[in-house]
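What follows is one structure encoded as structure tokens, with my remarks underneath.
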Amino acid sequence: DYRRKRNMRLKKNRKKKKNRIIRILTGVVLGVGLAGALFFNVFKIRNIQVAGNTRYTKDEIKEMVADDKWMKNTVLLTTFHSKVDMSDIPFMNSVEFTFVSYDTICIQVYEKKVVGYVEYEGQKVYFDKNGIVLECVDEEQETPAEGESSDGTASDGSSADGSLTSEPLVTGLTFDYVTVNEQLPVDKPAVFRTMLALTRMTEKYNITPDSVEFNENSEIILHYYDTVRILLGTDTALEEKMTRVAAILPSLSGLSGELHMEDYKDGDSSFVFSKDVKEERKAVKKTQ
């Protein structure tokens, strides 16, 4: 009888212990589930900021990443999937997600650097610093580069003017075909290095030309105001020349002719401006 009672007691204790373990495990599961639900609810992405975009609108950038499986939770996204390669999209390089607050992320856009475009068979052909073709767009079609501003503000927060392309038309290059993601097949690829240097300096001084012309001797001619041509000659001392151009250019507005800088020597500060014959005739006629 003693053994029977002891066995019953042991059995009852084991049952209690088992029930206690079950209650503990149930509590843990419920606690984890509640914490998980709370985590995913609190850190759910509700607001998305976009920065660095000039080629595509804020909504277009959001659309590009909308199908990303990580675009649900601010913590998980910015911890495990912070950068995404977007190089298969024209003008795009990558995007990076950064944590702003518990329900807000920022998409930092990194675009491919466009230095200019050429016209070929009715299309605008945009290329980068290495001459790699990024996209071909029909001339009459509005492009991301020429459409509306990204979201009404520039990446630095200043007001955008709606004109998103600052890359000039490049003329004088000869090639027989164009292939996206391949280099323009020009005779002298060094021209792309020159274009990159020009782009950096025209952006620095905010004097992007209407177009850049390369003549048969690979000499550079910048076109401004539809009537002014600045003859830079070769790309030697290019930075010094462009510094002078930035200082002189405002005084050329309204004129028509050529500013000669082909024979620039270090320290030169004055240059010959040859007015177009048509303008000279108008001036003579007015004085008579």
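The values are calculated or read from the model by the stated rules, or taken from the named source; none is laboratory data. Treat the numbers as computed from the prediction; the structure is a model and nothing was measured. Cβ atoms come from the backbone with ideal geometry, glycine included; neighbour counts cover every protein chain shown. Accessible surface areas use protein heavy atoms only, side chains included; no ligands, DNA or RNA. Shrake-Rupley method; radii C 1.70, N 1.55, O 1.52, S 1.80 Å.
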GluC sites (Glu not before Pro) in segment 188-237 lying in a DSSP loop, each with at most 14 other Cβ atoms within 10 Å of its Cβ, come to GLU216
Top to bottom by accessible area (1.4 Å), largest first, where do VAL228, VAL28 land?
VAL28, VAL228
Which chymotrypsin sites (Phe, Trp or Tyr not before Pro) from segment 41-143 combine a DSSP loop assignment with at most 14 other Cβ atoms within 10 Å?
TYR102
Table column - 3J(HN,Hα) (Hz), segment 27-40, Karplus curve with 6.51, -1.76, 1.60, x for Gly and Pro
x, 5, 4, 5, x, 5, x, 5, 5, x, 4, 5, 4, 6
Among the chymotrypsin sites (Phe, Trp or Tyr not before Pro) in segment 187-246, which ones are in a DSSP loop with at most 14 other Cβ atoms within 10 Å of the Cβ? Mind listing them?
TYR225
For ILE207, residues with placed amide H under 5 Å, excluding near neighbours
none
Hey, any idea what % of segment 220-280's accessible area is carbon plus sulfur with a 1.4 Å probe?
50
Per residue of segment 229-242, what does 6.51 cos²θ - 1.76 cosθ + 1.60 with θ = phi - 60° give for ³J(HN,Hα)? Whole Hz please, x for Gly and Pro, Karplus curve as stated.
10, 10, 8, 8, x, 6, 8, 6, 6, 5, 5, 5, 4, 5
